[in-house]
1. Explain nothing, just the number: dipole magnitude of segment 110-266 about its Cα centre with +1 on each Lys and Arg Cβ and -1 on each Asp and Glu Cβ, in debye rounded to the nearest 20.
2. Springs between alpha-carbon atoms under 10 Å, Gaussian network over the chain: tell me which of Val128, Val74, Val18 tops the mean-square fluctuations.
3. Which GluC sites (Glu not before Pro) in segment 139-211 sit in a loop by DSSP (not H, G, I, E or B) and have at most 14 other Cβ atoms within 10 Å of their own Cβ?
4. In percent, what relative contact order does segment 100-145 have, based on Cα pairs under 8 Å that are 6 or more apart in sequence?
5. How would Ser3, Ser97, Ser104 line up from fewest to most surrounding beta-carbon atoms within 10 angstrom?
6. Hey, could you get me the Stokes-Einstein D for the chain, Kirkwood radius over alpha-carbon pairs, 25 °C and 0.890 mPa s, rounded to whole µm² s⁻¹?
7. Taking H as built 1.01 Å from N, whose amide H comes closer than 5 Å to the amide H of Tyr244, not counting residues under 5 places away?
8. Determine ³J(HN,Hα), in whole Hz, for all residues of segment 158-167 in sequence, where each value follows from phi through the Karplus function 6.51 cos²θ - 1.76 cosθ + 1.60 and θ = phi - 60°; x replaces Gly and Pro.
Amino acid sequence: MKSEERHNEHAWDDLVRVGSSFANPARPADFQNPELIINPFGWLKAPFRGKRILCLAAGGGRHGPLFAAEGAIVTVVDISEEMLKLDRDVAQREGVSLKTLQCSMTELGEFGDSVFDIVLQPVSTCYVEKLAPVYAEIARVIKPSGTYVSQHKQPVSLQAATKPLASGGYALCEPYYREGALPQVAGSEHREFGTKEYLHTLEDLLGGLCIAGFSIDAVKEPRHGNPLSESGSFQARSCFVPPYLAIKATRLDEPSGSTLIWTPSN
Ligand SMILES: C[S@@+](CC[C@H](N)C(=O)[O-])C[C@H]1O[C@@H](n2cnc3c(N)ncnc32)[C@H](O)[C@@H]1O
């Protein structure tokens, strides 16, 4: 495991131990309508009963137990054992079963090729320096025609200041093309303090999927903005800066065609 991955393992363990709002397990009421959380855009085709689902970097007791409650055969992978414990606790509370595996999203060697019908990855690619190895592993473990649904931090959100200028806008503080971890930010709902985060360009987030052998079916920038909210809040900033990017992709049966879909610009 790379040193930044080890760093983030400990950082996420600590976030759970201090009861951070970033580690927010599903409540009993969420099990009345799991799809609100596991399928917010209606991109996945229910029923999930008997489907093999990898909830990748998805510890925290939300997606895994909710898919399990829908009858799916669920594996939750996460680098943080404390986050995975939340999945086991919620699964036990709700009387559903799932597997948990502590490992990095960059190393899915525990799994064979073409195992999963669906890979669901909540916001987490910001915790690895290089995206291509993650996409390559997902392309390997997902079945041909399988569905990969992911959310990512928007690069512009990682560039922009977390607090507004006096004029009300948000300064771009980081270059778009950059190397290494971003500077830490405290007290922001956009950034998990203590973690090492990396900016991935849209070229890498979207084009990288095509290179890895996926076709992109849908892209969303989930709306979180509210112009009436307090200045400096998550909702106020989200009117100026989209926080997340959601992508639905399908594993191509013959990925060798991917270069016909996307040509690198440099
Ligand atoms: C924002 S949380 C996502 C799950 C959360 N339950 C949710 O509802 O959005 C990000 C997760 O990514 C995990 N993570 C960070 N780096 C990772 C890595 N290299 N491999 C696997 N998981 C990682 C963290 O431990 C954390 O559980």
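Coordinate-derived values only; no laboratory data. Computed from a prediction, not measured in an experiment: that's the story for all the values here. Cβ: placed from backbone, ideal geometry, glycine included. Neighbour counts: every protein chain shown.
1. 380 debye
2. Answer for the Gaussian network model of the chain: Val18.
3. Loop-located and lightly packed - Glu179.
4. On the way: 32 pairs, mean separation 26.9, N = 46.
Normalised by residue count, the contact order of segment 100-145 is 58 percent.
5. Details: Ser3 8, Ser97 12, Ser104 22.
Neighbour counts put them in this order, fewest first: Ser3, Ser97, Ser104.
6. Numbers: Rh = 19.1 Å.
Rounded, D is 129 µm²/s.
7. Gln154
8. Computed from phi, the couplings for segment 158-167 are 7, 7, 7, 4, 7, 10, x, 6, 4, 6 Hz.
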